[in-house]
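Working notes, structure below.
The values are calculated or read from the model by the stated rules, or taken from the named source; none is laboratory data. As the structure is a computational prediction, the values presented were derived from the model and not from experiment. So basically every Cβ, Gly included, is an ideal-geometry build from the backbone, and we count neighbours across all protein chains shown. Heads up: the accessible areas ignore ligands, DNA and RNA and are worked out on the full protein's heavy atoms, side chains in. Shrake-Rupley method; radii C 1.70, N 1.55, O 1.52, S 1.80 Å.
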Amino acid sequence: PAQFQLAVPAAVVFAPGSVPGDLPRPLPFRDVQEMEIPLNLRTSITSRYETVYRSTTAQEEAALDVATAREADAALHPLQDASLGSLTVYVVPETTSLLPQGISVYVGKHRSALLRAGGDLAALRTRLRQLMQVMSFTASSIAAALSDRVPDGQLSPDARRHLKSSLGYEITFSLLNPDPKSHAVDWDIEDAVNRYVQPVLDKLSLVANFSVDSQILYYAVLGVTPRFDKESSSFLLSAHSLPHVINPVEARLGSSAASLYPVLNFLLYVPERSHSPLYIQDKDGAPVSTNAFHSPRWGGIMVYNVEAPAAPQASLPLRINVDMVRVMEVFLAQLRLLFGLSREELPPEFLLESPGNEGLADWELDRLLWAHTVENIATVSTTLTSLAQLLDKIGNIVIKDDVASEVYRAVASAQSAMAKLATGHLHSAFQASKEAVTSSERAFFDPSLLHLLYFPDDQKFAIYIPLFLPMAVPILLSLAKIVREARQRKKEPTKMD
């Protein structure tokens, strides 16, 4: 059974006038709090929050002496531990003007948060635990990472949406223009990717390799005919018909078949003139504000209306320049959903800084790395177990040295990743877990083992019997003849002279 220990190194820094009266000993001191995350019988997970409580330094005090929480976050950033997976919480006095009215926790865009002091140490600890889970991992984010091993009842509905951890992802942006006779559509996808998508992918480059491509598909229609609504004189796609929209389009996309890695598809659909304008409805029949929907582990589709039915004298095709800012806002939100970066429901007194141009905060990146590291280790254990079961079944197998060394390397890297998680070194744990996945896959898909998978014993008989039968028939007949003659000889009485 896998026993994960996830250690989160944290610092709780008290600004002057914010120290609770009932501290057990003078600052600075260390404190460790452990929590069990219940999963299943085979996998146990303990999270350890290893916290140092201390007072602010003179530099930190100066950094906190600003007008807004956002400025404080920027000023404190160079002063904190920047290693992945670490957290710094600054406790500020209850009367502080940094935090808006009614807000007691402000989460910055790096790896720190501001917390309004109030109450005793126990109240502070409760708040800290809640905050640290938001910024590192919760029981549900770890359960989602181990979704293959967890009974369905324990998973949040979002858990199955997230992409599986992979060493790389391919992102394809497609513009679908089913009616090029009426619409000549231009989109500056290259500039939009450079401006909006690339900063996010640069931030995620720690997690995996990404490749981005784009295409325009003409005469590609959705698989469902929209319903005309007289009241609004528009066409509607209802939520229950959305799953059927994707299949016919997917056949035209053509990228996922040749890809080694998971492909994320983002489709911009310009409805044909006869179906304009086209709106998506949710389950309750209300219009969806973004006019888009996403499909778990697959990607997203946005419907881009170009016109209300125009006057008949308008010359066709209409020239259309797509507003890429509006489109990219939707696609980036969908990208965050697919990576499980959607913000969890938080209490109203929490304020989360928007990550801005980079698309995700540093702590959100850490959150992804925690989950992916655990998932990678679980994947390696599953792959190697399957390989061992396979090799047990095939008796006469020869395992080459390079396969054996990949297996040893995978086990060593997975053990190293678990040891690094237990000491709170998230970055090196994640790198080791990636190496473990690479080695275990190399061993499992090694060409010398691959043909044995498809060549079991009963198949050997099926192949060789037709070859041996023609030779065996004369041999068997002559054997039968010899046996008959021998019996004959026994029956004949020996002559006596």
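Quick notes
- Restricting the range 412-427 to residues that are in a helix (DSSP H, G or I) and surrounded by fewer than 17 Cβ atoms within 10 Å (Cβ to Cβ), the residue that is nearest to the chain's Cα centre (by Cα) is His427.
- Residue satisfying all of: in the range 392-403; touching a residue at least 24 places away in the same chain (Cβ under 8 Å) and part of a helix (DSSP H, G or I); farthest from Ser147 (Cα to Cα) among these: Asp402
- Filter result for Asp446 (open to solvent by less than 30 Å² (accessible area, probe 1.4 Å), modelled with pLDDT of 90 or more and acidic (Asp, Glu)): no
- Restricting Ala480, Ala436, Ala472, Ala410 to those that are outside the structural domain of Ser86 (by the TED database), within 30 Å of Ala10 (Cβ to Cβ), at pLDDT 85 or above and not polar (S, T, N, Q) reduces the list to Ala436.
- For the range 219-239, the set of residues classified as farther than 27 Å from Ile171 by Cα and open to solvent by 70 Å² or more (accessible area, probe 1.4 Å) consists of Thr225, Arg227, Phe228, Lys230, Glu231, listed by residue number.
- Hits in the range 209-231 - residues which are touching a strand residue (DSSP E or B) at 6+ places or on another chain (Cβ under 6 Å) and not hydrophobic (A, V, I, L, M, F, W, C): Asn209, Ser211, Asp213, Ser214, Gln215, Tyr218, Pro226, Arg227, Asp229
- Ile171 being in contact with a Leu (Cβ under 6 Å, 6 or more places away or on another chain), open to solvent by less than 20 Å² (accessible area, probe 1.4 Å) and either without any contact (Cβ under 8 Å) to a residue 12 or more places away in the chain or in the same structural domain as Asn305 (by the TED database) (or both): yes
- Count of residues meeting criterion [in a strand (DSSP E or B) and among the hydrophobic types (A, V, I, L, M, F, W, C)] in the range 63-116: 9
- Every pair of residues 6+ apart whose Cβ atoms lie under 9 Å, when the first sits in the range 293-308 and is among the acidic types (Asp, Glu) and modelled with pLDDT under 90 while the second is open to solvent by 20 Å² or more (accessible area, probe 1.4 Å) and assigned to a loop (DSSP other than H, G, I, E, B): Glu307/Ala314
- Residue check for Ile216: within 20 Å of Val330 (Cβ to Cβ), buried (at least 17 other Cβ atoms within 10 Å of the Cβ) and either among the aliphatic types (A, V, I, L, M) or in contact (Cβ under 8 Å) with a residue 60 or more places away in the chain (or both): no
- Unique residue being closer than 30 Å to Leu369 by Cα and either assigned by the TED database to the domain that holds Leu332 or touching a strand residue (DSSP E or B) at 6+ places or on another chain (Cβ under 9 Å) (or both) when the list is Asn247, Asn265: Asn265
Residues are listed down the side, and each one gets a yes or a no for (1) among the hydrophobic types (A, V, I, L, M, F, W, C); (2) surrounded by 17 or more Cβ atoms within 10 Å (Cβ to Cβ):
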{"position": "Ser241", "(1), (2)": "no, yes"}
{"position": "Pro271", "(1), (2)": "no, yes"}
{"position": "Met302", "(1), (2)": "yes, yes"}
{"position": "Glu345", "(1), (2)": "no, no"}
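- The set of residues in the range 116-126 being in contact (Cβ under 8 Å) with a residue 60 or more places away in the chain and either surrounded by 20 or more Cβ atoms within 10 Å (Cβ to Cβ) or in contact with a strand residue (DSSP E or B) (Cβ under 9 Å, 6 or more places away or on another chain) (or both) consists of Ala117, Leu124, Arg125.
- Test for Arg54: is it surrounded by 16 or more Cβ atoms within 10 Å (Cβ to Cβ) and either farther than 23 Å from Ser141 by Cβ or in contact (Cβ under 8 Å) with a residue 12 or more places away in the chain (or both): no
- Residue within the range 420-432 that is more than 22 Å from Glu50 (Cα to Cα) and touching a residue at least 24 places away in the same chain (Cβ under 8 Å) present: no
- Residues of the range 288-300 classified as open to solvent by 40 Å² or more (accessible area, probe 1.4 Å) and closer than 20 Å to Pro262 by Cβ, total: 3
- Test: residue in the range 318-326 that is under 30 Å from Thr68 (Cβ atoms), at pLDDT 85 or above and of a type outside the set (S, T, N, Q): yes
- Filtered residues of the range 243-269 (kept if assigned to a loop (DSSP other than H, G, I, E, B), at pLDDT 85 or above and open to solvent by less than 80 Å² (accessible area, probe 1.4 Å)): Pro262
- Scanning the range 3-51 for residues that are loosely packed, with under 14 Cβ neighbours inside 10 Å, among the polar types (S, T, N, Q) and assigned to a strand (DSSP E or B) gives a single hit, Gln3.
- Among the residues of the range 331-348, those identified as within 26 Å of Gly118 (Cβ to Cβ) and in contact with a helix residue (DSSP H, G or I) (Cβ under 9 Å, 6 or more places away or on another chain) are Arg343, Glu344, Leu346, Pro347.
- Options Ser112, Ser141: the member that is touching a residue at least 12 places away in the same chain (Cβ under 8 Å), closer than 30 Å to Thr43 by Cβ, in the same structural domain as Ser18 (by the TED database) and among the hydroxyl-bearing types (Ser, Thr, Tyr): Ser141
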